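The values are calculated or read from the model by the stated rules, or taken from the named source; none is laboratory data. This one's a predicted model, so the numbers in the text were calculated from it and none came from an experiment. Cβ sites come from the backbone with ideal geometry, for glycine too, and all protein chains shown count toward neighbours.
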Amino acid sequence: MFLEKPDMTELRQGDVIRDIVFPIARVEKSQFLANATTVKNGKLFLEPIEDQSSKRPTFQAVVQASLCQCIVLSQCCDLQRGKMQPPLTFVLGKIVYLTEGMRRHYEILKANSDPYMDGTRAFMGLFWLGSKEEIGPLEYVADFSQAMSVSWRDYDQVLARKILQLDDFNRNKFRVKIGAHFGRVTQEDRDLGLEDPYEPGSPETLMQRLARAVRVARGS
């Protein structure tokens, strides 16, 4: 599943990154950090701590977080270095240990089965990584539902923490499963005949399903 020696010159989709502070923001408990500016009539005035960026100002805040291993969710083409206009951010997903509930369809999960085949849709939002000493002492999966954005300015810092790289075959399985997870169709849209919004008006035929699967496989 993993290359014997990862390429440390760039990030690729499916790379495993160690020791990432992973925020899980609680809306009511997140707090901005601020400096005191003055006191007037016994009232303290504060100024939020702002990162120095006139175009896209951001503020420092305190949120709940955990320290964990992560996996790169962004596509390889979005991670290439030397781009004239690189993206503002790239995306990491959280790696979690396998729970007893996940073992209900363990063979399907372990095989990272084709999410477009009948009977294989269990745990579409997870990608089995197995047991690897570099990740930890248990059995692990990548959880597509837990994701965070990382500033492109931190590319090198993230690259320095790269510990594993999927081989080509499993990286493409990873890509297809991500596409299937985020491209899931609700029953409401099926009932409206909007399973494929580019050919609306009727329920999706077998050929349309195949065409959609091909689009996902090509990354388009």
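On the stretch given as segment 23-48, residues that are of a type in the set (A, V, I, L, M, F, W, C), farther than 30 Å from Pro137 by Cα and at pLDDT below 90 total 1. Scanning segment 1-38 for residues that are in a loop (DSSP other than H, G, I, E, B) and small (Gly, Ala, Ser) yields Gly14, Ala25, Ser30. For segment 1-41, filtered to residues that are among the small types (Gly, Ala, Ser) and out of contact with any helix residue (DSSP H, G or I) (no Cβ under 6 Å at 6 or more places or on another chain), the residue that is nearest to Arg171 (Cα to Cα) is Ala25. Of all residues in segment 5-14, one or more are out of contact with any Pro (no Cβ under 6 Å at 6 or more places or on another chain), polar (S, T, N, Q), at negative phi and surrounded by 10 or more Cβ atoms within 10 Å (Cβ to Cβ). For Gln69, the criteria (1) among the polar types (S, T, N, Q); (2) surrounded by 18 or more Cβ atoms within 10 Å (Cβ to Cβ); (3) not in a strand (DSSP E or B) hold in every case but one, which is (3). Looking across segment 39-53 at every residue that is in a strand (DSSP E or B) and in contact with a strand residue (DSSP E or B) (Cβ under 9 Å, 6 or more places away or on another chain), the one that is farthest from Ser151 (Cα to Cα) is identified as Val39.
Being closer than 23 Å to Phe2 by Cα and exposed (fewer than 15 other Cβ atoms within 10 Å of the Cβ) holds for only one residue in Leu164, Leu138, Leu192, Leu159, and it is Leu138.
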